[in-house]
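The values are calculated or read from the model by the stated rules, or taken from the named source; none is laboratory data. Given the structure is predicted, the values throughout are model-derived calculations rather than measurements. Cβ atoms come from the backbone with ideal geometry, glycine included; neighbour counts cover every protein chain shown. We work out accessible area using only protein heavy atoms, side chains counted, and drop any ligands, DNA or RNA first. Shrake-Rupley method; radii C 1.70, N 1.55, O 1.52, S 1.80 Å.
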Amino acid sequence: MYQYDEYDQRIVDERVAQFRDQTSRYLSGELSEDEFRPLRLQNGLYIQRYAPMLRVAVPYGNLRSDQLRMLGHIARKYDRGYAHVSTRQNIQYNWPKLEDVPEILGLLSSVQMHAIQTSGNCIRNVTADPFAGVAGDEHIDPRPWCEIVRQWSTFHPEFAFLPRKFKIAVNGAEHDRAIIRAHDIGLDLIRDAGGNIGFRVLVGGGLGRTPIIGEEVSSFVPWQQILNYCEAVLRVYNLHGRRDNAYKARIKILVKALGVEEFARQVEAEFVHLKDGPSTLTQAEIERVASRFDDPELPPEPAHSEAHAAHLASNKAFATWVGRNVRAHKTEGYASVVLSLKTHGVAPGDITAEQFDTAADLADRYAFGEARSTHEQNLVLASVRQADLYEVWQQARAAGLASPNIGLLTDIIACPGGDFCALANAKSIPIATAIQARFDDLDYLHDIGEIEVNISGCMNACGHHHVGHIGVLGVDKNGSEWYQVTIGGDQGNQAALGKVIGPSFAAAEMPDVISSLINTYTDNRHPDERFIDTVRRIGIEPFKTRVYAEREQRKEAHV
Amino acid sequence: MSDIIKRGKLHTDDWTIVRQAEGEDIASLELPAGRVIVPLPLWLARRDSLLAKAEAGVVGVWLAGDEDPATLADDLLRLQLIAIDFPKFADGRGYSIATLLRTRYGYADELRAIGDVLRDQFFYLSRCGFDALQPKEGKYTRVQLEAALASLNDFSEPYQAAVDRAEPLFRRRPREAA
C-alpha cells in the first residue's frame with residue numbers, strides 16, 4: 001500500500017499538533033462549543049450518546065499489519081476493547097475520552113494514519129474497491145488515483161467549509177464495488193477509443209434523506225485534468241449549493257435544481273479557466289505515487305494446489321467457507337479472502353482488539369502484510385496463496401473471523417444506530433442480530449443465496465438501506481422505534497433505490513417480516529435466480545401482500 | 001481603531017465597516033468620516049461619487065457571500081481594499097470568492113476577511129488570498145491575536161495549489177519515488 005514520504009508525514013504530524021492546541025483551547029474555555037464543533041468534526045470526533053466517537057480514516061480501505069496492531073492497541077487502551085468498521089471503510093471508536101484524542105491521533109500518526117476530514121462539511125475519505133489491484137475484472141487500478149485525490153483534498157483551503165459533506169469514490173473495474181453512483185462525485189476510470197486513460201464523472205449521487213443516483217456530468221475527462229475538473233465541480237457547489245437548510249445542502253439537490261445539463265454547463269464554464277493550470281497532473285507524478293504503493297511481487301504458484309483440493313474434498317466446512325469467503329485473484333495460484341465481521345450475536349462490523357491482532361498476524365504470515373476494509377464492513381486479505389487457504393481458515397475460525405456468510409443474509413450492513421449514535425431514531429444492531437439469529441441455519445442460509453440486507457437507524461442512511469436488496473430504516477413514531485422496509489435496491493452497476501413496501505413494523509416483528517420476504521422469494525424463484533432478480537421480475541406486490549397478510553395472521557393468533 | 005492581522009503582522013486599523021441597517025436607503029445613507037468599507041449595493045448605486053475616494057484609498061467595498069465578484073471586475077484597478085464578509089465562519093463561500101478575485105480577476109491590493117473571522121480559519125483564509133484578517137470587534141484581545149499569528153503557519157507544506165502557493169506540492173518540491 002501507499003507509503004508516506006516526509007511531506008505526507010509532516011502534514012499528519014502538524015495536524016496532531018494543531019488539534020492538540022485546539023482541544024486545549026476548548027477545554028480551557030477559550031474556544032466555544034460552536035467554534036470547536038467543526039474543528040473536531042474535521043478530525044472525525046463526534047459527541048455521541050455516551051462518549052465521543054472517533055472516526056479514523058482508512059483511505060480507500062487500505063491497511064498494513066502495523067496499522068491493524070495499532071488500531072487494536074488503541075481499542076484496548078482507550079476504548080472498551082473493540083472498534084467498528086464503518087460503511088465508508090473507516091474505523092470508529094465509540095468510547096474514547098476527548099482529552100485522550102490528541103494522544104490517540106499521535107499514535108495513529110506514528111503508523112501513517114489520521115482522522116482528517118472523516119466528518120464535517122468537507123471532502124471526506126475517498127473510497128474504492130476493496131479488491132483494487134487484485135480483482136480479475138479490473139482494467140485500471142484505482143488506488144494511485146485515490147491517493148492523488150486524497151492528497152489534493154486534504155486541507156484544501158477553499159473547500160473546508162462546504163454547504164455539506166462531500167464524498168468521492170473511484171472505480172476501475174468492470175463491476176463497480178465502490179458504489180460510485182451513490183457519491184457526490186463518482187469517478188469511473190475508463191479508456192477512450194485511443195486507449196488514453198480518463199474519467200467518466202458522475203455527480204450528485206447520495207443516499208441520506210433524499211436518495212439520488214448520480215448523473216453523468218462528463219463522459220471523459222483526461223487524467224491530466226481530473227483535479228482541475230474536480231475543482232470546478234467543487235467551486236460551483238461551494239458558491240451555489242444551498243446553505244439555508246442542511247437537508248437540502250448536498251450537491252445532489254443543486255444538480256436536481258439546476259438540471260444536470262445546466263449544472264454541467266456551469267462546471268464547464270469554470271473548468272475552461274482551470275484546464276492545463278498548475279494542478280494539471282503529470283506522468284511523473286502518477287508514476288511517483290504509483291511507485292509508493294509497494295505492492296508485493298507474487299512468487300509464481302501452480303494454478304491448482306493439490307493440498308488445497310484435498311482439503312476441499314475432505315472438509316465440508318472449509319469448502320463452504322471457500323465457496324463464500326474466497327474470491328478469485330487475477331494471479332494464478334492466489335486468492336482473496338474476506339474475513340467476516342458478521343458473527344452471530346455481534347454488531348455487524350465490530351472487531352475486537354484480539355481480532356485486530358489476529359488479522360495483523362494473518363496479513364503478515366499469509367498476505368504480504370496488507371489488509372483492506374470493505375464498505376460491507378468486513379476485512380479482506382487481498383493476496384493469499386491458494387495453498388495457504390486452509391491454514392488461514394483455521395486461524396481465522398479460531399478468532400471468530402470465518403463466518404462463511406459473505407454476500408448472504410447474515411452478512412448484514414448496519415450503522416451503529418441508536419445504541420451509540422446521537423442522530424439515530426432507532427436501534428439497528430439488535431435488529432441485525434435478531435435477523436442473524438433467525439437465519440442461523442447454515443444450509444438454509446446458503447439455499448437462500450446471495451442477498452444484501454442493509455439497516456440504517458435514521459434517514460442519514462449510514463447503513464445504505466436504500467441500496468440494500470432488503471433495506472430497513474429506523475423511524476421515530478411518537479417517541480417509539482419503528483422500521484420501514486424497502487426491497488429492490490441494489491448497488492454496483494445496476495444501482496437502484498429500493499421501494500417502500502408499506503407501513504412500518506415494530507422491532508419484534510422484523511425477523512418475521514424478513515421470513516415472509518424470503519419465503520415469497522423461495523416460492524417464486526427460478527433456478528439460480530437471486531432474491532434481487534426475483535424482485536425485479538415479479539415486482540414488489542407479491543412480497544408486500546404476503547408480508548402484511550402474514551402479519552395479520554400473527555396478530556389474530558395472538559388475540 | 002481595531003486590531004487586525006495584515007500581511008502576517010498585528011496592525012492597528014482605522015477603516016470603518018458600513019453595514020446597511022434594515023429599511024435604510026443606500027442612496028441617502030450618510031457615510032461616517034474617515035476611511036470606510038461600503039457594501040457592494042451602495043458602491044454600485046453611488047459609484048460615480050465614490051470612485052475618486054476609492055482611488056485615494058479612503059473607500060473600499062465589501063462583498064457578501066451571494067455576491068458575484070465579477071460585478072467589481074471593472075473597478076479592481078481602482079479599489080485598494082476589498083473585503084469579503086463571513087456571516088458565519090462555517091459559511092465557506094468567501095473562500096471561493098477570494099480565490100476568484102485573486103486568480104481569475106487578478107486583484108492585487110488588500111483583500112480583507114470580515115465578519116465571523118476566527119483564528120482556526122486563518123490558515124485557510126490566507127491560503128485563499130486574504131492578506132488582511134479582521135476578527136469581530138472584541139473577539140480577541142491583542143495578546144490572543146498575537147498568539148493567533150502562529151495559526152497562519154499551521155502547515156508548512158500543503159499539498160495543493162492555492163492563491164498563496166500557485167503550484168501544488170508535486171511541482172514545488174522534488175518528491176521521491178519509492
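Note on the range A:54-84: among residues that are closer than 17 Å to A:ALA367 by Cβ and part of a strand (DSSP E or B), the one that is farthest from the chain's Cα centre (by Cα) is A:ARG64. The one condition from (1) closer than 24 Å to A:LYS165 by Cα; (2) more than 12 Å from every other protein chain (Cβ to nearest Cβ); (3) part of a loop (DSSP other than H, G, I, E, B) that B:GLY65 does not meet is (2). Exactly one residue out of A:ARG10, A:ARG80, A:ARG76 is open to solvent by 50 Å² or more (accessible area, probe 1.4 Å), under 28 Å from A:ASP357 (Cα atoms) and in contact with a helix residue (DSSP H, G or I) (Cβ under 6 Å, 6 or more places away or on another chain): that is A:ARG76. Only helices (runs of 4 or more DSSP H) whose full extent lies in the range A:222-306 are considered here, and the ones with at least 2 residues that are in contact with a Phe, Trp or Tyr (Cβ under 8 Å, 6 or more places away or on another chain) and β-branched (Val, Ile, Thr) are A:226-240, A:251-258, A:283-291.
Only one entry of A:ALA557, A:ALA549, A:ALA495 meets the criterion of being at pLDDT below 95, exposed (fewer than 13 other Cβ atoms within 10 Å of the Cβ) and more than 16 Å from A:PRO430 (Cβ to Cβ), and that entry is A:ALA557.
The number of residues in the range A:19-38 being open to solvent by less than 20 Å² (accessible area, probe 1.4 Å), free of Cβ contacts under 8 Å to residues at least 12 places away in the same chain and within 27 Å of A:GLN112 (Cα to Cα) comes to 1. Within the range B:3-26, the set of residues being open to solvent by 80 Å² or more (accessible area, probe 1.4 Å) and of a type in the set (Gly, Ala, Ser) comprises B:GLY23 only.
When the test is whether a residue is more than 22 Å from the chain's Cα centre (by Cα), of a type outside the set (Asp, Glu) and not assigned by TED's automatic domain parsing to the domain that holds A:GLY417, A:PHE318 passes it. Part of a helix (DSSP H, G or I) and at the interface with another protein chain (Cβ under 7 Å from one of its Cβ atoms), is that true of B:PHE170? The answer is yes for B:PHE170.
Restricting attention to the range A:162-178, and to residues there that are open to solvent by less than 10 Å² (accessible area, probe 1.4 Å) and closer than 21 Å to A:LEU254 by Cα, which single residue is nearest to the other protein chains (Cβ to nearest Cβ)? If we take residues in the range A:162-178 being open to solvent by less than 10 Å² (accessible area, probe 1.4 Å) and closer than 21 Å to A:LEU254 by Cα, then A:LEU162 is nearest to the other protein chains (Cβ to nearest Cβ). Inspection of the range A:217-239 finds a residue satisfying the criterion of being basic (Lys, Arg), within 13 Å of chain B (Cβ to nearest Cβ), open to solvent by less than 40 Å² (accessible area, probe 1.4 Å) and in contact (Cβ under 8 Å) with a residue 12 or more places away in the chain. Across the range A:121-137, the number of residues qualifying as part of a loop (DSSP other than H, G, I, E, B) and aliphatic (A, V, I, L, M) comes to 4. Take the range A:1-31 and flag every residue that is facing chain B (nearest Cβ under 10 Å), over 24 Å from the mean Cα position of the chain (by Cα) and not in a helix (DSSP H, G or I). Once the filter is applied, which keeps residues that are facing chain B (nearest Cβ under 10 Å), over 24 Å from the mean Cα position of the chain (by Cα) and not in a helix (DSSP H, G or I), the range A:1-31 yields A:ASP5, A:GLU30, A:LEU31. Report, by residue number, each residue of the range A:426-456 that is open to solvent by 10 Å² or more (accessible area, probe 1.4 Å) and closer than 18 Å to A:ASN94 by Cα. Within the range A:426-456, A:LYS427, A:ILE429, A:PRO430 meet the criteria.
Facing chain A (nearest Cβ under 7 Å), under 20 Å from the mean Cα position of the chain (by Cα) and either hydroxyl-bearing (Ser, Thr, Tyr) or in a helix (DSSP H, G or I) (or both) - does that describe any residue in the range B:136-145? The answer is no; no qualifying residue exists. Of everything in the range A:321-350 that's of a type in the set (Gly, Ala, Ser) and either surrounded by 18 or more Cβ atoms within 10 Å (Cβ to Cβ) or assigned by TED's automatic domain parsing to the domain that holds A:ALA83 (or both), which residue is farthest from A:ALA83 (Cα to Cα)? Out of the qualifying residues, it is A:ALA335.
Remark: A:HIS308 falls outside the filter, which requires a residue to be away from every other protein chain (no Cβ under 14 Å), more than 30 Å from B:ARG165 (Cα to Cα), open to solvent by 40 Å² or more (accessible area, probe 1.4 Å) and not hydrophobic (A, V, I, L, M, F, W, C). With respect to being at negative phi, within 7 Å of chain A (Cβ to nearest Cβ), among the acidic types (Asp, Glu) and assigned to a loop (DSSP other than H, G, I, E, B), B:GLU176 fits the description. Restricting attention to the range B:88-135, the residues being aromatic (Phe, Trp, Tyr), over 16 Å from B:ALA148 (Cβ atoms) and in contact with a Leu (Cβ under 7 Å, 6 or more places away or on another chain) number 2. Of everything in the range B:70-102 that's within 15 Å of B:CYS128 (Cα to Cα) and more than 10 Å from every other protein chain (Cβ to nearest Cβ), which residue is most open to solvent (accessible area, probe 1.4 Å)? Once the filter is applied, the top-ranked residue is B:ARG102.
When the residues of the range A:498-541 are narrowed to those that are more than 24 Å from A:GLY418 (Cα to Cα) and part of a loop (DSSP other than H, G, I, E, B), which ends up nearest to the chain's Cα centre (by Cα)? Ranking the candidates gives A:ARG530 first.
Taking A:ALA353 as the residue in question, decide whether it is outside the structural domain of A:ALA507 (by TED's automatic domain parsing), surrounded by fewer than 21 Cβ atoms within 10 Å (Cβ to Cβ), in contact (Cβ under 8 Å) with a residue 40 or more places away in the chain and over 30 Å from A:PRO299 (Cβ atoms). Answer is yes for this residue.
None of A:ILE140, A:ILE123, A:ILE104 is buried (at least 21 other Cβ atoms within 10 Å of the Cβ), β-branched (Val, Ile, Thr) and more than 22 Å from A:HIS464 (Cβ to Cβ) except A:ILE104. If you check A:ASP66 against the conditions, is it of a type in the set (D, E, K, R) and in contact (Cβ under 8 Å) with a residue 24 or more places away in the chain? Yes: the conditions hold for A:ASP66. Out of curiosity, is A:LEU381 in a loop (DSSP other than H, G, I, E, B), surrounded by 22 or more Cβ atoms within 10 Å (Cβ to Cβ) and not β-branched (Val, Ile, Thr)? The answer is no for A:LEU381.
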